[in-house]
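Undergrad: Quick one: the structure is below, questions incoming.
The values are calculated or read from the model by the stated rules, or taken from the named source; none is laboratory data. Model, not experiment: these values are computed from the prediction. Cβ sites come from the backbone with ideal geometry, for glycine too, and all protein chains shown count toward neighbours.
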Amino acid sequence: MIATLEFVNILDRSENLGKMVMKSDIMEKYRSTRKALDDDKEAQKLIKAFSNMKEQYDDVQRFGRYHPDYYDIMKNVRSTKREMDMNDKVAAFKVAERNLQKLLDEISQFVAKSVSEQIKAPQDGAALTDSGCGCGSGGACGCAS
């Protein structure tokens, strides 16, 4: 691609937009809650416990209900996740993360719609969720994607 003055101008403006996001109150809140989460020994212990339990969960998923420890591990995963999610630092970080994602989604929507109504962009935290299908048909199969 040949760099034109218009192309360079677009890149400069997008870089400025990125700098504005990095200096925003939402980003600052994200950074501070991330630091608080990283510095909290109890929260890190809960996250590590959940990660270890998730590894067991992944192993059980290969066999499903036929795995001998299926019900115990499923119960433990849910309780470990709930305990982790109830931690104040984890909860505050998740809220800040959702707010940052919402800002980025809104910016993406604005840019996409300014180009064309047919341009697709993430919305409603779609980057943080899994539709469960992954078929790539854009919902033509009747799935939620």
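Undergrad: Among the candidates D105, D130, D124, single out the residue that is of a type in the set (D, E, K, R), at pLDDT below 90 and either closer than 23 Å to D59 by Cα or part of a helix (DSSP H, G or I) (or both).
TA: Numbers: D105 fails: at pLDDT below 90; D124 fails: either closer than 23 Å to D59 by Cα or part of a helix (DSSP H, G or I) (or both).
Just one listed residue meets the conditions, D130.
Undergrad: Something else about it: Is it true that S51 is under 23 Å from A96 (Cβ atoms), out of contact with any Leu (no Cβ under 9 Å at 6 or more places or on another chain) and assigned to a helix (DSSP H, G or I)? Lay out the reasoning, then the answer.
TA: Numbers: under 23 Å from A96 (Cβ atoms): yes; out of contact with any Leu (no Cβ under 9 Å at 6 or more places or on another chain): yes; assigned to a helix (DSSP H, G or I): yes.
Spelling it out, S51 is indeed under 23 Å from A96 (Cβ atoms), out of contact with any Leu (no Cβ under 9 Å at 6 or more places or on another chain) and assigned to a helix (DSSP H, G or I).
Undergrad: May I pose another question? Identify all residues within segment 48-93 that are farther than 20 Å from T33 by Cα, among the acidic types (D, E) and under 23 Å from the mean Cα position of the chain (by Cα); write none if there are none.
TA: E55, D58
Undergrad: Please work out if E15 is part of a helix (DSSP H, G or I) and without any contact (Cβ under 8 Å) to a residue 24 or more places away in the chain. Break it down stepwise before answering.
TA: On the way: part of a helix (DSSP H, G or I): yes; without any contact (Cβ under 8 Å) to a residue 24 or more places away in the chain: yes.
The answer is yes for E15.
Undergrad: Hey, another quick one. Output the residue which, of all residues in segment 108-121 that are out of contact with any helix residue (DSSP H, G or I) (no Cβ under 6 Å at 6 or more places or on another chain) and outside any helix (DSSP H, G or I), is surrounded by the most Cβ atoms within 10 Å (Cβ to Cβ). Reasoning before the result, please.
TA: Keep residues of segment 108-121 that are out of contact with any helix residue (DSSP H, G or I) (no Cβ under 6 Å at 6 or more places or on another chain), which gives 108-118, 120.
Those left that are additionally outside any helix (DSSP H, G or I): 116-118, 120.
Working: S116: 7, E117: 6, Q118: 7, K120: 10.
Only one residue tops the list, namely K120.
Undergrad: Going through segment 1-47 one residue at a time, which ones are of a type in the set (D, E, K, R) and over 20 Å from the mean Cα position of the chain (by Cα)?
TA: Within segment 1-47, the first condition is being of a type in the set (D, E, K, R), and the residues that meet it are 6, 12-13, 15, 19, 23, 25, 28-29, 31, 34-35, 38-42, 45.
Within segment 1-47, E6, D12, R13, E15, K19, K23, D39, D40, K41, E42, K45 qualify.
Undergrad: Looking at Y70, Y57, Y30, Y66 in this structure, which one is free of Cβ contacts under 8 Å to residues at least 12 places away in the same chain and surrounded by 14 or more Cβ atoms within 10 Å (Cβ to Cβ)?
TA: Values: Y57 fails: free of Cβ contacts under 8 Å to residues at least 12 places away in the same chain; Y30 fails: free of Cβ contacts under 8 Å to residues at least 12 places away in the same chain; Y66 fails: surrounded by 14 or more Cβ atoms within 10 Å (Cβ to Cβ).
Answer to the selection: Y70.
Undergrad: Let me ask something additional. Here is a list: Q44, Q56. Which entry is part of a helix (DSSP H, G or I) and modelled with pLDDT under 95?
TA: None of the other options fit; the residue is Q56.
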